[in-house]
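One structure is given below, encoded as structure tokens.
Laboratory data are not the source of any read-out in this text; all were calculated from the coordinates shown. Note that the structure is predicted; figures quoted are calculated from it, not measured. Please note: Cβ atoms are built from the backbone with ideal geometry, for glycine as well, and neighbour counts cover all protein chains shown.
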Amino acid sequence: MSTSADDKRKQRRIPVDLWIEVERGGELYYQRATNLSVGGAYFAQTIPLPLGTVVDLRFTLPGEEHQIGCKGEIVTAQGLGMGVHFLSIQESDRARIETLIEKQGG
């Protein structure tokens, strides 16, 4: 992966209260994201999955109806939380996340 940890930290983030559907190995979970950037999200109050785990993600941005679907990789795990990096996200969905961040002053 060419994106360094420093690059990830430089991405604009916004606080959110967003439920994201996470599917792994036929098991479905709903995780509460408290932080969102164009590159990923942070799930709070959850037992983290192992680093490197790839999951299927589905979510809808606040005020929208179109569902975003992509793969995600667990890249951080701290206490009762984990960070997920979006993989294979459509450019149009990435742009919608960027627009949301700009609207919220991220």
Between the stretch 64-94 and the stretch 18-43, the alpha-carbon center distance in angstrom: 6
Normalised per residue, the volume of the convex hull around the Cα set of the stretch 9-88 (Å³): 94
Longest segment of the chain lacking GluC sites (Glu not before Pro) that sit in a DSSP loop with at most 15 other Cβ atoms within 10 Å: 1-63
Packing-based exposure ordering (other Cβ within 10 Å, fewest first) of Asp93, Asp56: Asp56, Asp93
Fewest-first sequence of Phe86, Phe43 by Cβ atoms within 10 Å of each Cβ: Phe86, Phe43
Positive-end residue, the chain charge dipole about Cα centroid, Cβ charges, pick of Leu61, Leu36, Val22: Leu36
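Taking the Cα centre of the stretch 5-103 as the origin, how large is its charge dipole in debye, to the nearest 20, when only Lys and Arg (+1) and Asp and Glu (-1) carry charge on their Cβ atoms?
320
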Note, ³J(HN,Hα) from phi for the stretch 78-89, Karplus 6.51, -1.76, 1.60, rounded to Hz, x at Gly and Pro: 9, x, 9, x, 8, x, 10, 9, 6, 10, 6, 8
